[in-house]
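Colleague: The structure that follows is given in the form of structure tokens.
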Amino acid sequence: MNPDDFEKFLQRQPVKALPKEWRAEILAQAGKATDGQAPAGTDRNAQPWWHDLLWPCPEAWAGLACLWLVILGISLATPAAPPSRVIADLPPNSELIWKALKEERELMAELTGPQPLHAEPPKPRKQGPFSQGRSDTAMA
Amino acid sequence: MPSSIHLERLYDEHAPPLFAFLLSHTRNEADTRDLLQEIFRKLAARPELLDGVVSVRAFLIRMAHNLSVDLIRRRSTRQENYDQLAGDSTGLFAPGSSPDEQTFRKALSDAMGALPEDQRAVVHLKLWEGLTFETIAEALEIPANTAASRYRYAIDKLRERLRPLYEDIQNEP
């Protein structure tokens, strides 16, 4: 297949002709534009400013808006209990803590047995020069 | 403000090739009509658009191209694959006088619809408008080398796809 012949063959295929009846209407609409009038009817290109914001997927945005409305409705319909009331229902913290500490101390006492109240104090170290101490050890 | 006679002259001179180009791009006659109307509405409302324009044809093709790209982007929000749909929609060519001619034109229209939009625009302007790559480049706002390479890619695809039908027609007595 000769490339030039193929391209020339394509070129010879006539494209569809412009419908003659469009001329009058298109020129009439264009004439209205010169008078400052908006074109009527078939112009689907004019879009409100917010259209571009929602353009990528208007269905998804609408769905998200509905979901937020449902969440807001549920939130308003079921008021939560105030936190201060929950705290007031509890016994005082300090009493609970002291009771728990006391129990823990008793349990530790049972596990470890009786302990001397005071440990034997360490023997006082003999004061003196370091060399004297070493000779005492050697003599012993 | 352009006179109505000036606008009519612009229409008679440029509307037929703009129609063919827009139809090739949108593959839909109703959209083509809307876009053509939008172009002439803008020209009527803002005649200064043509002030200082060297090539009116290239300027109008650029305008048509930009409008149709916008339209297709908007439409693509509703149609997942516009190019696939394009292959099944409006034919681009006049009806043939013989069944072979008719079959080939239908196949050519489908093959054009299967091309990527940027290649289709270049092929259309080169083959059926007879524009040079420089004018096409100016109209589509792309480098001339890019226009030429898109054309070559597109012609290779068309040749590959239409080879059997083309050879049948060429081999007929």
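Colleague: Using the membrane-span-like helix rule (whole DSSP H runs, Cα extent along the own axis of at least 27 Å, mean Kyte-Doolittle hydropathy at least 0.0), which helices of chain B qualify?
Modeller: Helix filter hits for chain B: B:4-26, B:56-75.
Colleague: Which value, in Å², gives the accessible area per residue of chain B when a 1.4 Å probe is used on the protein heavy atoms? Don't skip to the answer; put the middle values down first.
Modeller: Values: 8110 Å² over 173 residues.
So chain B comes to 47 Å² accessible per residue, rounded to a whole number.
Colleague: Mark the label point 7 Å from the Cα of A:Lys32 along Cα→Cβ and return the residues of segment B:6-38 whose backbone N is within less than 14 Å of it.
Modeller: Residues B:34, B:37-38 fall inside that zone.
Colleague: Tally Lys and Arg at +1 and Asp and Glu at -1 over the other residues with C-beta under 12 Å from the C-beta of B:Pro143: what net charge comes out?
Modeller: Values: positive: B:Arg150; negative: B:Glu134, B:Glu138, B:Glu141.
Net charge around B:Pro143: -2.
Colleague: What relative contact order, as a whole-number percentage, does chain B give when Cα pairs under 8 Å and 6 or more residues apart are counted? Each step should come with its number before you reach the end.
Modeller: Working: 158 pairs, mean separation 38.8, N = 173.
Once divided by the residue count of chain B, the mean separation gives 22 percent.
Colleague: 5 Å is the cut-off here: which amide hydrogens, built 1.01 Å from N in the peptide plane, fall below it relative to B:Gly96, excluding neighbours closer than 5 in sequence?
Modeller: Answer set, sorted by chain and number: B:Gln102.
Colleague: Give the A-B buried accessible area in Å², both sides summed, 1.4 Å probe, nearest 100. If you can, show how the numbers build up before the last one.
Modeller: Working: alone 14360 and 10080 Å², together 20310 Å².
In total, chains A and B hide about 4100 Å² from solvent.
Colleague: Would you mind classifying segment B:14-164 by shape? Square roots of the alpha carbon gyration tensor eigenvalues, ordered a ≥ b ≥ c; an a/c under 1.5 is rounded, otherwise it is prolate if a/b is larger than b/c and oblate if not. All intermediate terms of the calculation are to be shown ahead of the outcome.
Modeller: Details: a/c = 1.70, a/b = 1.40, b/c = 1.21.
Because a/c hits 1.5 or more and a/b exceeds b/c, segment B:14-164 counts as prolate.
Colleague: Another one. Report the local net charge at B:Phe93: Lys and Arg +1, Asp and Glu -1, summed over other residues whose C-beta lies under 9 Å from its C-beta. Display every interim value, and only then the final one.
Modeller: On the way: positive: A:Lys16, B:Arg105, B:Lys106; negative: none.
Neighbourhood net charge equals +3.
The values are calculated or read from the model by the stated rules, or taken from the named source; none is laboratory data. Treat the numbers as computed from the prediction; the structure is a model and nothing was measured. Quick reminder, even Gly has a Cβ in these numbers, built from the backbone with ideal geometry, and neighbours come from all protein chains shown. What goes into the accessible areas is simple: the full protein's heavy atoms, side chains included, and nothing from ligands, DNA or RNA. Shrake-Rupley method; radii C 1.70, N 1.55, O 1.52, S 1.80 Å.
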